[in-house]
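Beneath this line is the structure, given in structure tokens, with notes to follow.
The values are calculated or read from the model by the stated rules, or taken from the named source; none is laboratory data. Everything numeric in this text was worked out from a predicted model, so none of it was measured. In this analysis, Cβ positions are derived from the backbone assuming ideal geometry, glycine residues included, and neighbour counts consider all displayed protein chains.
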Amino acid sequence: MANKAIDPTDGLPASIVGPWAAEKHERLRKYIDAYRAARAKFLPPRGEGGAAYIELYSGAGRSQIEDTNEFVDGSPLVAFKAARVSRTGFSDLHFNDIDEENIAALRQRIASLGGAAHYYSEPAEKAVDRIIYALNPAGLHFAFLDPYNLEHLPFSVIERLAKLPRMDMLIHVSTFDLQRNLRRYLDQNGGTLDAFMPGWRNRVDAGRKDEDVRADLLRYWLGSIRSLGTSPAEGIELVSATRGQRLYWLVFVSAHELGRRLWDDIRNIHVQGRLL
Ligand SMILES: C[S@@+](CC[C@H](N)C(=O)[O-])C[C@H]1O[C@@H](n2cnc3c(N)ncnc32)[C@H](O)[C@@H]1O
């Protein structure tokens, strides 16, 4: 389990994150703002299907930036506040994290903002079914998927979410893990990569250079997501401007015509002097 801190502002646990967390949160905020008009069509008085917000790896709702005394909102609070600012709230919120302490802290934090949500504390693979069951298939929903590593995001999770006719997804996958463990993963049978991107063995030549193998794996994974339906899936690999490290893959899957425009908004953000 990751290291935790106590947030002095509320006395509840917080995770410890790298400084780049701000960037993913900025993208999330952008999406929630840009997509407000689409969301409104599914909310009363204009629509009835609903617009739910889903996180399967929510964390505790607050984080400390490593090596600093700075505490920031985690993605559930970022999303909640962004929806409020956009004046187009979500019809319901579904938060899951395998760590019960995180969910207990998040529950208190959302309540202290005057919000209510459905909470789950299960492996994402299990929670996803309960959440899908609770969603109106006629709605326009949005899932933010932010696991620590590839192992926690089996492809079946994406597959199940994509079965809903209008499910947008923003997926952040850390590539530290893949970079560090690439050769070990490639040698594993029935391991992390087989769950994360089933079928990769027939499509990716593990004999190529590490960098090429990683690019091929990303391409293959995006192709697998695209093959789930007609939704456009776009992905980019984000690289730290300061240290040149690969940070994560960011993939956006959208099921409505605004999708491509939203994606352009989300990918082209400028955070802390850095244009990606
Ligand atoms: C990267 S953190 C989430 C950070 C959060 N999205 C944010 O931006 O504030 C990943 C979270 O996934 C949780 N987790 C790990 N394995 C999981 C699993 N199999 N299913 C659900 N949650 C899991 C961890 O407890 C951790 O809180």
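Summary table below
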item: Qualifying positions in the range 152-177 - farther than 30 Å from Asn136 by Cα and in contact (Cβ under 8 Å) with a residue 40 or more places away in the chain; result: Ser174, Thr175, Phe176
item: Within the range 148-178, considering residues that are surrounded by fewer than 20 Cβ atoms within 10 Å (Cβ to Cβ) and under 11 Å from the mean Cα position of the chain (by Cα), the one farthest from the ligand (Cβ to nearest atom); result: Ser174
item: Residue among Phe42, Phe80 that is closer than 24 Å to Ile132 by Cβ, aromatic (Phe, Trp, Tyr) and without any contact (Cβ under 8 Å) to a residue 40 or more places away in the chain; result: Phe80
item: In the range 74-98, the residues that are in a helix (DSSP H, G or I) and more than 9 Å from the ligand (Cβ to nearest atom); result: Ala79, Phe80, Lys81, Ala82, Ala83, Arg84, Val85
item: Criterion (at pLDDT 90 or above and of a type in the set (D, E, K, R)) met by exactly one of Asp177, Asp205, Asp264; result: Asp205
item: In the range 58-73, residue farthest from the ligand (Cβ to nearest atom) [restricted to those that are in contact with a strand residue (DSSP E or B) (Cβ under 6 Å, 6 or more places away or on another chain) and farther than 15 Å from Ile110 by Cα]; result: Glu66
item: Residue count, the range 41-73 (criterion: in a loop (DSSP other than H, G, I, E, B) and closer than 12 Å to Asp7 by Cα); result: 4
item: Qualifying residue in the range 19-33 (condition: more than 13 Å from the ligand (Cβ to nearest atom) and either more than 20 Å from the chain's Cα centre (by Cα) or small (Gly, Ala, Ser) (or both)); result: no
item: Top-ranked residue of the range 6-18 - restricted to ones that are more than 11 Å from the ligand (Cβ to nearest atom) and without any contact (Cβ under 8 Å) to a residue 60 or more places away in the chain, ranked as surrounded by the most Cβ atoms within 10 Å (Cβ to Cβ); result: Ile6
item: Long-range neighbours under 8 Å by Cβ, at least six apart or interchain, first residue on the phi > 0 side of the Ramachandran plot and at pLDDT 95 or above within the range 49-73, second assigned to a loop (DSSP other than H, G, I, E, B) and within 12 Å of the ligand (Cβ to nearest atom); result: Gly59/Gly74; Gly59/Asp97; Gly59/Asp146; Gly61/Gly74
